[in-house]
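Asker: Starting off with a structure, shown below.
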Amino acid sequence: NIALAAKLVDGTIVEPGEVFSLNETMGPRSVNRGFDFAPVIAGDGVLRQGVGGGICQYATTLFNAVFFAGLPVVERHPHGLLIAHYPVGRDATVSWGGPDFKFRNDAGKAVMIRSWVEGGALTVAIVGKTGRKVAYTTSHYYDIRKPSSTRADPRIVHDDDVPAGVVRWEAGAKGKSVRVVRTVRDASGAVLFRETYVSVYAPRDWIKRVGTGG
């Protein structure tokens, strides 16, 4: 899925003043377009199999490329749950018909998005000098919240994608919030704009996943 996303977006040119939409550029995530099943965060806060799972890794990598290129972000949504291997407070989630990632090219000249997967690693780059300098601060985690379940009293999830008789445990985690403030300056050091990204992550329940599949 990540490689397909990279292929679909690679080479996209964003003209001056244009707003780029990842959902519009990538299009629907469906099996007949080559997307596969992979884990996604469902509405109930549980990881389940869904078509197009993994696309958020592409969205997160693109967001960070835009972040450091100094281009203004129009729309960005954090994940519902904290994903530890993403940069703190700098993740982005998307879904077809739902949350999108958008940015505006206000640099005065066209830029191109290049993206590819090689050796299991995803690379996303904004091609075209913006002449901007980026600085940012990341707050400590705050608004810490405990999960509603514990290891001794876990949330039971029956899962058709897990073979019958198989039980898998998933550790819970506290919910938390974090704030990232980005300051973008021009080549002379003058401040062009500041943006604040607030990410609120829900607690992750302790889960006992019980297989019911064939």
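The values are calculated or read from the model by the stated rules, or taken from the named source; none is laboratory data. These numbers were taken from a predicted model, which means no experiment stands behind them. Note that each Cβ is placed from the backbone with ideal geometry, even for glycine, and that neighbours are counted across all protein chains shown. Remember, those area values only see protein heavy atoms, side chains included, never the ligands or the DNA or RNA. Shrake-Rupley method; radii C 1.70, N 1.55, O 1.52, S 1.80 Å.
Asker: When ranked by the protection proxy of mean other Cβ atoms within 10 Å per residue, highest first, what sequence do the peptides 62-73, 105-116 form?
Answerer: 62-73, 105-116
Asker: Filter LYS7/LYS176; LYS102/LYS208; LYS129/LYS174; LYS176/LYS208; LYS133/LYS174 down to the pairs with a C-alpha to C-alpha distance above 31 Å, please. List each step's numbers first, then the result.
Answerer: Values: LYS7/LYS176 34 Å; LYS102/LYS208 37 Å; LYS129/LYS174 41 Å; LYS176/LYS208 22 Å; LYS133/LYS174 35 Å.
Result: LYS7/LYS176; LYS102/LYS208; LYS129/LYS174; LYS133/LYS174 exceed 31 Å.
Asker: Can you tell me, using C-alpha contacts under 8 Å and at least 6 residues apart, the relative contact order of the chain as a whole percent?
Answerer: 22 percent
Asker: Let me have the 222 nm mean residue ellipticity of the chain computed from DSSP H runs of 4+ only, each contributing -39500 (n - 2.57), with the sum over all residues rounded to the nearest 500.
Answerer: Result for the chain, helices only: -3500 deg cm²/dmol.
Asker: For the chain, with a Gaussian network of springs between Cα atoms less than 10 Å apart, report the residue from ALA84, ALA190, ALA125 with the top mean-square fluctuation.
Answerer: Evaluated over the chain, the most mobile residue of the options is ALA84.
Asker: If you place +1 on the Cβ of every Lys and Arg, -1 on the Cβ of every Asp and Glu, and leave all else neutral, what size is the dipole of the chain about its Cα centre, to the nearest 20 Debye?
Answerer: Numbers: 27 positive and 20 negative charges, 142 e Å.
The dipole of the chain has a size of about 680 debye.
Asker: Please give the per residue accessible area of the chain, computed with a probe of 1.4 Å over protein heavy atoms only, in Å².
Answerer: 51 Å²
Asker: Using a 1.4 angstrom probe on heavy atoms only, work out the carbon and sulfur share of the accessible area of the chain in %. Don't skip to the end; give the middle numbers.
Answerer: Working: 5810 of 10910 Å².
Of all accessible area on the chain, carbon and sulfur atoms account for 53 percent.
Asker: Taking Cα atoms of the chain, Rg/Rh with Kirkwood Rh, to two decimals?
Answerer: For the chain, the value is 1.02.
Asker: Given the options ARG132, ARG151, ARG29, which has the most mean-square fluctuation in a GNM of the chain, springs set between C-alpha atoms less than 10 angstrom apart?
Answerer: Maximum among the listed residues: ARG151.
Asker: Starting from the Cα of LYS146, draw a straight line to each of the aspartates and glutamates and keep only those under 13 Å, dropping any in the same chain fewer than 8 residues away.
Answerer: ASP205
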